[in-house]
C-alpha cells in the first residue's frame, strides 16, 4: 500500500500539478497558504498527514474522495468521529470493510 505522501504525489503528478501549484491552493486554518517545502515534506513522508481541514481541501483539489485520503492517512474521517456508536456496530463495520478489502485482493491475484 502506498503511503499518504506517495498517494498525494502520484495524484498531483497525474493532474500535471507542480508542488508549488498544490501549495498555492491549500490554506491553513489561519488563512495563509502552505509552503512548497511543506508539500515536499508530506509527499516525502517527513511530515505526518495534515489536518482534517487540509485533507478535505486536498480531496477537492486532487479530485479524489476524501475517504480515500483518510484511508491512506490511516485516520478516521472527521464525520465518523462525532457519533457514539455501539461496539457491535463498530465491529460489524470493520468486518464489512475487511471483506471488501480482502475480496479486492483476491480478485487481483486471480488475474
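For this structure, a couple of remarks:
- Tally, over region 1-35, of residues that are more than 15 Å from the chain's Cα centre (by Cα) and farther than 19 Å from residue 52 by Cα: 9
- Candidate set: region 57-67, residues that are under 10 Å from the mean Cα position of the chain (by Cα) and in contact (Cβ under 8 Å) with a residue 12 or more places away in the chain; chosen: the one farthest from residue 28 (Cα to Cα): 64
- Summed over region 18-38, the residues that are surrounded by 12 or more Cβ atoms within 10 Å (Cβ to Cβ) and touching a residue at least 24 places away in the same chain (Cβ under 8 Å) give a count of 6.
- If the condition is being under 20 Å from residue 72 (Cα atoms) and either at pLDDT below 95 or in contact with a strand residue (DSSP E or B) (Cβ under 8 Å, 6 or more places away or on another chain) (or both), then region 9-44 contributes 23, 26.
- Each residue in region 73-94 was checked for being modelled with pLDDT of 90 or more and exposed (fewer than 10 other Cβ atoms within 10 Å of the Cβ), and 3 pass.
- All positions within region 62-78 that are under 18 Å from residue 13 (Cβ atoms) and part of a loop (DSSP other than H, G, I, E, B): 62, 63, 64
The values are calculated or read from the model by the stated rules, or taken from the named source; none is laboratory data. As the structure is a computational prediction, the values presented were derived from the model and not from experiment. Here the Cβ is made from the backbone with ideal geometry for all residues, glycine too, and neighbour counts use every protein chain on show.
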